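Structure first, commentary second.
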Amino acid sequence: MNTYDHDLIRFDAEGAASLPIATEHGYVEHDGARIWYATYGAGEPVILVHGGLGNSGNWGYQVAALVEAGYRAIVIDSRGHGRSTRDDKPFSYDLMTTDVVAVMDVLQIERAALVGWSDGACTALVLASRIRRGGRCVLFRLQHGPERCKGNHRLHTDPAALYQPPPEGLPRTVSHAGSLRRIL
């Protein structure tokens, strides 16, 4: 049976698939917030960064496909979203990037492939270009050009270089009207 929903019939009727049972999950205390994360499977790490007003539950179809393809999928509820808390600091891509780095440090991940959509794409862009902890990136529905994602910091890499094809076997993602819709 084909588990993919290329025509978006199941997605339109049911929404995103539920996340599978996590291999590991927990919270990281970072800069005034508790940041929730979960990991699934084993292999090369792929961090999925959701968009504004979203949460890690938006990645159900992608997590299952990544694990099936032999990757370690990692989801994070961004500061003030889903299971993560926030303090009174204003949201910024720089702050949300340091939250992802804090999770990477706890999980002892030096570099990871990044998949980000919308605000999550901006966070992934900052992580890969300025912090240099991201590997290959799949960025989509980027709300701003790279100059708006950089916060108060100058990008040290040509952002166009980050738009490269995903590694062999990494499911390709597409979006429609700002929402992640399907894979492969």
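Return a whole-number percent for the relative contact order of the stretch 49-123, with Cα pairs under 8 Å and 6 or more residues apart as the contact set.
Working: 71 pairs, mean separation 33.6, N = 75.
Relative contact order here is 45 percent.
Let me have the relative contact order for the stretch 82-142, percent, based on Cα pairs under 8 Å that are six or more residues apart.
Across the stretch 82-142, relative contact order equals 33 percent.
Which distance in nm do the two modelled labels at Lys89 and Val106 give, with both placed 7 Å along the Cα-to-Cβ direction?
That separation, rounded to one decimal, is 1.5 nm.
Could you give me the radius of gyration and the Dmax of the stretch 1-67, taking only the C-alpha atoms into account and expressing both in angstrom?
Final numbers for Rg and Dmax: 13.8, 46 Å.
What percentages make up the Cα-Cα pair-distance distribution of the stretch 1-131 when the bins are 5 Å wide from 0?
2, 11, 22, 24, 21, 11, 6, 3, 1, 0
Rounding to the nearest 20 debye, state how big the charge dipole of the stretch 106-146 is about its Cα centre with +1 on each Lys and Arg Cβ and -1 on each Asp and Glu Cβ. Before the final figure, lay out the partial values.
On the way: 6 positive and 2 negative charges, 26 e Å.
It works out to roughly 120 debye.
Read-outs throughout are calculated quantities, based only on the coordinates presented, and are distinct from any laboratory measurement. Given the structure is predicted, the values throughout are model-derived calculations rather than measurements. Note that each Cβ is placed from the backbone with ideal geometry, even for glycine, and that neighbours are counted across all protein chains shown.
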